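Only one structure is covered here, and it is reproduced in the block below.
The values are calculated or read from the model by the stated rules, or taken from the named source; none is laboratory data. For clarity, every value in this text was computed on a predicted model and none was experimentally measured. Because the Cβ atoms are built from the backbone with ideal geometry, glycine has one as well, and the counts that use them run over all protein chains shown.
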Amino acid sequence: MGWKLPLSVLMSAVISFFAWIAVQLNRPLGLATFVLAFLLPVVTFRRYYSRKPRMLVPFGILAILIAILLAPPRATSLNLVSGLHLETGCWGVEGSLWPLNGSADVSQSCSYLVEPAGKVVHVSGMAWKNLEVRMPVTSYPIILRRPAENADGAYLNGVQNALENGYMEAPSDFGSRESVVREALMRKGNHCVYIAEVRIAGGLAVVSARGDCRAVDEFVQSRVRRF
């Protein structure tokens, strides 16, 4: 009989492990799984606990402690807002997002002074979250789905908007960078529009910079391709 208490606690720990994952995807389902972590072992070994009801106390204490210890630590990595900021240099929306449009989990736009060109470019960005869960104990992120459809659509729409406004695709050689999915440079006279789809902390983003071609090039090299 002495093995039923530790087995009950082990069963509860396993269910609590999956409960921490479930609660990140669906809160009601996760909470129901936590309840199951306490009820299922008791129901499974109901004869044992009906004969020794006092053993419910140590079981409950141990089950609660283990559930708490399994909690994923608070994430210390950059969130989506900060990840997009590293690419755009913006906080919040200050002006038009053009050539980007549509909805996103996070949007940013601003006028950015580029050094040493000494000129201002208009920068905009849109980002979407990955569907991910953090593993209990370690908080290691497991990405279940990337928002590729949203980012692809925003990128293509941005390129199309620029083309419809008289910009022509221009050759570019920014070099390779693992986080850049794809990019395009379009030009109209001395005015350029740069659009890139990039991987950022927590998701995918589409970033745009428009203005004097030299300033746009400086911006791309200093921010989009730096981080």
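Inside the stretch 40-141, counting only helices (runs of 4 or more DSSP H) that do not spill past its ends, which hold 2 or more residues that are of a type in the set (Val, Ile, Thr) and under 19 Å from Val14 (Cβ atoms)? Break it down stepwise before answering.
Working: elements: 46-51, 56-69, 80-88.
Because the criterion is at least 2 residues that are of a type in the set (Val, Ile, Thr) and under 19 Å from Val14 (Cβ atoms), the helices (runs of 4 or more DSSP H) in the stretch 40-141 that meet it are 56-69.
Quick check, is Val198 under 30 Å from Pro73 (Cα atoms), among the β-branched types (Val, Ile, Thr), in contact (Cβ under 8 Å) with a residue 12 or more places away in the chain and crowded, with 16+ Cβ neighbours inside 10 Å?
yes
Checking Ser96 against (1) assigned by TED's automatic domain parsing to the domain that holds Ala209; (2) hydroxyl-bearing (Ser, Thr, Tyr); (3) without any contact (Cβ under 8 Å) to a residue 24 or more places away in the chain, which test does it fail?
Every listed condition holds for Ser96 apart from (3).
Out of the stretch 105-153, which residues are surrounded by 15 or more Cβ atoms within 10 Å (Cβ to Cβ), without any contact (Cβ under 8 Å) to a residue 60 or more places away in the chain and either small (Gly, Ala, Ser) or within 18 Å of Asp212 (Cα to Cα) (or both)?
Of everything in the stretch 105-153, those that are surrounded by 15 or more Cβ atoms within 10 Å (Cβ to Cβ), without any contact (Cβ under 8 Å) to a residue 60 or more places away in the chain and either small (Gly, Ala, Ser) or within 18 Å of Asp212 (Cα to Cα) (or both) turn out to be Ser107, Ser109, Cys110, Ala151.
Within the group Leu56, Leu5, which residue is farther than 30 Å from Ala154 by Cβ, in contact with a Pro (Cβ under 8 Å, 6 or more places away or on another chain) and modelled with pLDDT under 95?
Values: Leu56 fails: in contact with a Pro (Cβ under 8 Å, 6 or more places away or on another chain).
Just one listed residue meets the conditions, Leu5.
Going by the structure shown, is Leu156 within 20 Å of Asn101 (Cα to Cα), touching a residue at least 12 places away in the same chain (Cβ under 8 Å) and either assigned to a strand (DSSP E or B) or hydrophobic (A, V, I, L, M, F, W, C) (or both)?
Values: within 20 Å of Asn101 (Cα to Cα): yes; touching a residue at least 12 places away in the same chain (Cβ under 8 Å): no; either assigned to a strand (DSSP E or B) or hydrophobic (A, V, I, L, M, F, W, C) (or both): yes.
The answer is no for Leu156.
Yes or no: the stretch 53-62 includes at least one residue that is in the same structural domain as Ile143 (by TED's automatic domain parsing) and β-branched (Val, Ile, Thr).
Among the residues of the stretch 53-62, not one is in the same structural domain as Ile143 (by TED's automatic domain parsing) and β-branched (Val, Ile, Thr), which makes the answer no.
With the condition kept exactly as written, say whether any residue in the stretch 40-62 is closer than 28 Å to Leu144 by Cβ and surrounded by 17 or more Cβ atoms within 10 Å (Cβ to Cβ).
No: zero hits.
Could you look through the stretch 26-39, keep only residues that are buried (at least 16 other Cβ atoms within 10 Å of the Cβ) and of a type in the set (A, V, I, L, M), and pick out the one that is farthest from Ser16 (Cα to Cα)?
So, considering only residues that are buried (at least 16 other Cβ atoms within 10 Å of the Cβ) and of a type in the set (A, V, I, L, M), the one farthest from Ser16 (Cα to Cα) is Leu36.
Within the stretch 154-176, which residues are modelled with pLDDT under 90, exposed (fewer than 15 other Cβ atoms within 10 Å of the Cβ) and not aliphatic (A, V, I, L, M)?
Glu169, Pro171, Asp173, Gly175, Ser176
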